[in-house]
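A short worksheet on the structure shown next.
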Amino acid sequence: KQDITCFVHNVSPVKKSGPTSYFNCHLQTEKDLIGSVCFATEKKETLDAMAAQRSPVKISNFNISNKYGRSDVVTNRNTTITSTTADFPYKAQDDVTSIASLSKVAPQQLVSIKGKISHLSATKTIVIQDSPVKKQEGYIVDPCGYIKVIFWGEHVDSVTPQSTYFFNNLRMKVSQNQRYLNTPKQDNLYTIKDAEPFKQTLPEVSDISTTTETIGEILGISSVTKYNCFCSCSKKVTIKGKIAVCDNCKVTQKATSCSVKWTLKIHIQNSKQPLQKLQLQVYQEAVPKLFSI
């Protein structure tokens, strides 16, 4: 595997997923900007320094993850990072990220973006861990595309449809291979301010999935599935002795470090139409909510 010569940008704070610590950054190569996740937190000091000094580095002995349709660099304790020279210049990254480039942003990373609000839903209240939480969904549009955004808590009703804003520190989320933006739990991180409308023509938001709400009675659970998943990408793993191999990104970890996910298939009878019976797939995120009812 060839080494990578690059400049380092946007080194994130250390994050935790279960027992595993990691951080993200971007690697600017001669032709592209690549996302990277590093599971060796002791290398953060080196990458922070290289990013601040705008010095090129050579990265050796790394893995590639093809998650979400892009190639991310995965580094660990066996990866070596050394100073080098580059035949291409350092390129300062824009403070505001375009929607088109969000495909290179790692999950959980904070981004700043300018966009117009479209298809803003009404605010509704849902219950999470026995507590009511306000939620509002919409789309952010810029000349390059659009992306779904979810406003939580005190951030609902903070924007107006067809108005343009600077959003600072929205969090990138990925669920069932769909990317969207969230207001972060730490309210002090997120800010918003009015922005000048775009002069360019903006794309039309299309292919919006619709949701249906039903009031009904749970008749029973037809199946329960339990599986182990990788600590970073939350995809299924194959256990080989004491080692777990991610089916998606092919990275290995200790089998004991895997997190566990559950999915259920339940049958519901529509209260308004008793003859209508529905079968629903309940994923990990919704399982605790189901049993709290």
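Out of the residues in the range 201-235 that are in a loop (DSSP other than H, G, I, E, B) and modelled with pLDDT of 80 or more, which is farthest from Ile266 (Cα to Cα)?
Initial filter on the range 201-235 (in a loop (DSSP other than H, G, I, E, B)): 201-215, 230-235.
Checking the rest, the ones that are also modelled with pLDDT of 80 or more come to 201-205.
Numbers: Thr201: 45, Leu202: 42, Pro203: 39, Glu204: 37, Val205: 33 Å.
The selected residue is Thr201.
What number of residues within the range 90-99 are at pLDDT 80 or above and either among the acidic types (Asp, Glu) or more than 16 Å from Cys25 (Cα to Cα) (or both)? Working first, answer last.
Start the filter on the range 90-99 by keeping residues that are at pLDDT 80 or above, which leaves 90-91, 98-99.
If we keep only those that are either among the acidic types (Asp, Glu) or more than 16 Å from Cys25 (Cα to Cα) (or both) as well, we get 98-99.
Final tally of qualifying residues: 2.
What residue, of Asn24, Asn66, Asn61, is over 16 Å from the mean Cα position of the chain (by Cα) and not acidic (Asp, Glu)? Before you say what the answer is, go through the steps one by one.
On the way: Asn24 fails: over 16 Å from the mean Cα position of the chain (by Cα); Asn66 fails: over 16 Å from the mean Cα position of the chain (by Cα).
Being over 16 Å from the mean Cα position of the chain (by Cα) and not acidic (Asp, Glu) holds for just one of Asn24, Asn66, Asn61, which is Asn61.
When the residues of the range 250-290 are narrowed to those that are in contact (Cβ under 8 Å) with a residue 12 or more places away in the chain and part of a loop (DSSP other than H, G, I, E, B), which ends up surrounded by the fewest Cβ atoms within 10 Å (Cβ to Cβ)?
It comes out as Lys272.
I'd like to check something: does the range 147-165 contain any residue that is in a strand (DSSP E or B), under 27 Å from Lys104 (Cβ atoms), touching a helix residue (DSSP H, G or I) at 6+ places or on another chain (Cβ under 7 Å) and modelled with pLDDT under 90?
no
Please work out if Thr238 is among the polar types (S, T, N, Q), under 24 Å from the mean Cα position of the chain (by Cα), at pLDDT 80 or above and more than 30 Å from Gln162 (Cβ to Cβ).
When the stated conditions are applied, Thr238 passes them.
Would you mind stating whether Ala92 is among the small types (Gly, Ala, Ser) and either loosely packed, with under 14 Cβ neighbours inside 10 Å or touching a helix residue (DSSP H, G or I) at 6+ places or on another chain (Cβ under 7 Å) (or both)?
Here the answer is yes, as Ala92 does meet what is asked.
So if I check each of Lys134, Lys104, which one is modelled with pLDDT under 85 and not aromatic (Phe, Trp, Tyr)?
Every option except Lys104 fails the conditions.
Every residue in the range 157-172 that is surrounded by 15 or more Cβ atoms within 10 Å (Cβ to Cβ) and farther than 16 Å from Ser98 by Cα, please.
Val159
Which of the residues belonging to the range 57-89 are at pLDDT below 90 and either on the phi > 0 side of the Ramachandran plot or exposed (fewer than 11 other Cβ atoms within 10 Å of the Cβ) (or both)?
The answer is Tyr68, Gly69.
Name the single residue, out of those in the range 166-192 being modelled with pLDDT under 90 and part of a loop (DSSP other than H, G, I, E, B), that is nearest to Tyr283 (Cα to Cα).
So, considering only residues that are modelled with pLDDT under 90 and part of a loop (DSSP other than H, G, I, E, B), the one nearest to Tyr283 (Cα to Cα) is Gln176.
Hey, Gly115 hits all of (1) under 15 Å from Asp3 (Cβ atoms); (2) touching a helix residue (DSSP H, G or I) at 6+ places or on another chain (Cβ under 9 Å); (3) surrounded by 13 or more Cβ atoms within 10 Å (Cβ to Cβ); (4) at pLDDT 90 or above but one; which does it fall short on?
With respect to (1) under 15 Å from Asp3 (Cβ atoms); (2) touching a helix residue (DSSP H, G or I) at 6+ places or on another chain (Cβ under 9 Å); (3) surrounded by 13 or more Cβ atoms within 10 Å (Cβ to Cβ); (4) at pLDDT 90 or above, Gly115 is out only on (1).
Which strands (runs of 3 or more DSSP E) does the range 4-90 wholly contain that include 2 or more residues that are touching a strand residue (DSSP E or B) at 6+ places or on another chain (Cβ under 6 Å)?
Details: elements: 4-9, 15-17, 20-28, 33-38, 57-60, 63-65, 72-75, 80-83.
Output list reads 4-9, 20-28, 33-38, 57-60, 63-65, 72-75, 80-83.
Could you please let me know if Thr20 is among the hydroxyl-bearing types (Ser, Thr, Tyr) and modelled with pLDDT of 90 or more?
The answer is no for Thr20.
Note down all Cβ pairs under 8 Å where the first residue falls in the range 191-205 and is within 12 Å of Thr160 (Cβ to Cβ), the second is of a type in the set (Gly, Ala, Ser) and part of a loop (DSSP other than H, G, I, E, B), and they're at least six residues apart or on different chains.
From the range 191-205, the pairs are Ile192/Ser158; Asp194/Ser163.
On the given criteria, is Lys31 farther than 30 Å from Ala195 by Cβ, free of Cβ contacts under 8 Å to residues at least 12 places away in the same chain and either surrounded by fewer than 20 Cβ atoms within 10 Å (Cβ to Cβ) or of a type outside the set (S, T, N, Q) (or both)?
yes
When you go through Ala106, Ala122 one by one, which is the residue that is buried (at least 18 other Cβ atoms within 10 Å of the Cβ) and small (Gly, Ala, Ser)?
Only one candidate qualifies: Ala106.
Identify all residues within the range 1-28 that are loosely packed, with under 14 Cβ neighbours inside 10 Å and closer than 12 Å to Gln108 by Cα; write none if there are none.
Within the range 1-28, Pro13, Val14, Lys16 qualify.
The values are calculated or read from the model by the stated rules, or taken from the named source; none is laboratory data. From a predicted model like this one, the values you see are computed outputs, not experimental measurements. Note that we place each Cβ from the backbone using ideal geometry, even for glycine, and neighbour counts take in every protein chain shown.
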